[in-house]
Amino acid sequence: MPTAPWTGAGPRPIVSVAGGTRGIGDRCAPSKFRPDYEKPLFVDAMLSRSWAVAIAD
């Protein structure tokens with residue numbers, strides 16, 4: 001969730017990002033391998049616009 005207040009028209013946009021998976025167990029979650037794996041470059045751009053971003057792990 002961005003820290004800046006939403007000043008755009010209408011409600012704050014919410015974006016869901018789903019990255020690749022490496023298995024069905026919790027120990028196979030992408031964040032277990034590399035914490036930034038689930039944070040593609042475009043996520044920072046969306047947060048800088050005060051959009052809410054949900055990232056699946």
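Tabulated results
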{"quantity": "Candidate set: the range 5-19, residues that are in contact (Cβ under 8 Å) with a residue 12 or more places away in the chain and exposed (fewer than 10 other Cβ atoms within 10 Å of the Cβ); chosen: the one farthest from Ser50 (Cα to Cα)", "calculated": "Ser16"}
{"quantity": "Residue match in the range 47-55 (condition: modelled with pLDDT under 70 and loosely packed, with under 14 Cβ neighbours inside 10 Å)", "calculated": "no"}
{"quantity": "Enumeration of residues in the range 2-16 that are modelled with pLDDT under 90 and closer than 12 Å to Val43 by Cβ", "calculated": "Pro2, Ser16"}
{"quantity": "Test for Asp36: is it modelled with pLDDT of 80 or more and within 15 Å of the chain's Cα centre (by Cα)", "calculated": "no"}
{"quantity": "Condition met for Gly19 (modelled with pLDDT under 80 and touching a helix residue (DSSP H, G or I) at 6+ places or on another chain (Cβ under 7 Å))", "calculated": "yes"}
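The values are calculated or read from the model by the stated rules, or taken from the named source; none is laboratory data. Worth saying up front: this structure is predicted, and the values here are computed from it rather than measured. For neighbour counting, all protein chains shown are included, and Cβ atoms are generated from backbone atoms with ideal geometry for every residue, glycine included.
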